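Laboratory data are not the source of any read-out in this text; all were calculated from the coordinates shown. Remember, predicted model here, so these are calculated numbers, not experimental data. Cβ: placed from backbone, ideal geometry, glycine included. Neighbour counts: every protein chain shown.
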Amino acid sequence: MTHNPVWTQKATRYIPAKHEKKIEGTWIERKVDGQSIQSIFNTGTRPKVYGNVIPAKSDYFTDYTDCVPHIIDELAELDFEGHLQGEIYADHLADDEANFKYLGVLRAKNSYERQCKEGLTKYIVYDMPSHHGTYRERYAALQTIFQPHSDFKYVSLIPILGVNHNGSWQNVFEKLVSEGREGVVLYDPDNMYKHMSDSTGRNAGIWKIKASEAKEVCAIEKVEGEPSDKGGKHVGSLGALICIDGNGKKFRIGSFKLTDTERKDIWDNVEVPFILEMRAASETIDSYRHPVMTRIRLDKDLNSWNREDK
């Protein structure tokens, strides 16, 4: 049997009023702030790794195999055939936000060479789409696969940090946040894997809880920065974005938590529409007060855009 890329499941955003009574007994894991990646194993060949579609590309999945040969070398040692699901991430910078931005290196033509100089990425596995059991059974199978390979440097199995009883997940959450981490993911251990037909599907038995929720919006127009004689300093680069939110509200973002190099890269290389995350002081009837773009989401397209993520 030949295994090909599949649409993988995603976690549901945790809403206390809806989900608080459903999370008793769930398993607690750290939420890894990385690029969602599936690894494909076929007998007699080296594994390959794929991420979701990048906007403005025609293919459904992006092949990152050549960007991470150090990860592929270790995956090739696993006694396995089928699909694994996880995240490629970086952990050599100050915090999760800086490490997430670093993952733009995966888009570079000289990706591996840059990583060798600036810091090699890693791959953490948290599920097995090709297994037909509960998460409890899938995780036990993953433990069996990874147990002989505790010496891996770049590939690992995500640890279970505890079991939620009477809100005990909050203690784990607060500790992770104090360390600069993004949050937690809660798994119903008796939940089955939910195979998707596209990139939008979420599993109602998995919940993500983030420290500071950003809102996903769609950039529909890029605006060039003004020249210095008009008080600007980003001529020939990104000056502003015209965006819409999930309800179709149109507004302008002129503030960016980006370096000048990142602004220039978006201006030169990223086509609209694309998905980004932003934070704002407040929302008004027709706009947002002081919206700030915090990151670009090239791992998402219009189909996988979470229009209600706040």
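When restricted to Cα atoms, the chain yields an Rg and a Dmax of 20.1, 65 Å, respectively.
Between the listed residues TYR193, ALA211, GLY86, the Cα displaced farthest toward the positive end of the dipole of the chain, a dipole computed from Cβ unit charges relative to the Cα centre, is found at ALA211. Per residue of the chain, the DSSP helices (runs of n ≥ 4 H) give a summed -39500 (n - 2.57) that works out to -5000 deg cm²/dmol at 222 nm.
Stretched out straight at 0.36 nm per residue, the stretch from ASP95 to LYS249 would grow longer than its current Cα-Cα span by 52.2 nm.
When only the Cβ of Lys, Arg, Asp and Glu is charged (+1, +1, -1, -1), the dipole of segment 215-296 relative to its Cα centre reaches about 260 debye. For the residue pairs LYS21/LYS210; LYS222/LYS300; LYS122/LYS175; LYS22/LYS250, the C-alpha atoms sit more than 25 angstrom apart in LYS22/LYS250. Available extension along the chain between ILE160 and ARG114 is 13.3 nm, counting 0.36 nm per residue and deducting the alpha carbon span. Farthest toward the positive end of the dipole of segment 11-210, out of ASN52, PHE146, CYS116, is the Cα of ASN52, where the dipole comes from beta carbon charges about the Cα centre.
Among rounded, prolate and oblate, which fits segment 1-133 when a ≥ b ≥ c are the square roots of the eigenvalues of its C-alpha gyration tensor, a/c under 1.5 means rounded, and a/b larger than b/c means prolate? It comes out oblate by the Cα gyration axes. Let me test this: with uniform point scatterers at the alpha carbons of segment 215-296, what is the Debye-based log₁₀ I(q)/I(0) at q = 0.19, 0.23, 0.26, 0.27 1/Å? Summing over Cα pairs of segment 215-296 leads to -0.79, -1.10, -1.32, -1.39. On the beta carbon distance between LYS257 and GLU179, with R0 = 25 Å, the FRET formula returns roughly 0.75. Summing charges over all other residues whose Cβ lies under 14 Å from the Cβ of TRP267, with Lys and Arg as +1 and Asp and Glu as -1, gives -4. Under the convention that each Lys and Arg Cβ holds +1 and each Asp and Glu Cβ holds -1, the size of the dipole of the chain around its Cα centre is about 720 debye.
Would you be so kind as to identify which of ASN303, PHE61, ALA98 lies farthest towards the positive end of the dipole of the chain, taking Lys and Arg as +1 and Asp and Glu as -1 on Cβ and the Cα centre as origin? With unit charges placed on the Cβ atoms, the residue in question is ASN303. In plain terms, the chain from GLU77 to ILE242 could stretch by 54.7 nm, reckoned as 0.36 nm per residue minus the Cα-Cα distance. Exposure proxy ranking for LYS175, LYS300, LYS109, based on other Cβ atoms within 10 angstrom of each Cβ and starting from the fewest, stands as LYS109, LYS175, LYS300.
How high is the FRET efficiency from GLU226 to ARG307, r the C-beta distance, R0 35 Å, rounded to 0.05? Using R0 = 35 Å, I get an efficiency of 0.65. The packing ranking of peptides 285-295, 14-24, highest mean first, is 285-295, 14-24, where packing means the average number of other beta carbon atoms within 10 angstrom of each residue. On the beta carbon distance between ASN4 and SER287, with R0 = 41 Å, the FRET formula returns roughly 0.40.
Taking the square roots of five times each eigenvalue of the Cα gyration tensor of segment 1-50, the equivalent ellipsoid has semi-axes of 33, 12, 11 Å, listed largest first.
Rounded, prolate or oblate: which fits segment 169-222 when a ≥ b ≥ c are the square roots of the eigenvalues of the alpha-carbon gyration tensor, with rounded for a/c under 1.5 and prolate only if a/b beats b/c? Verdict is oblate for segment 169-222.
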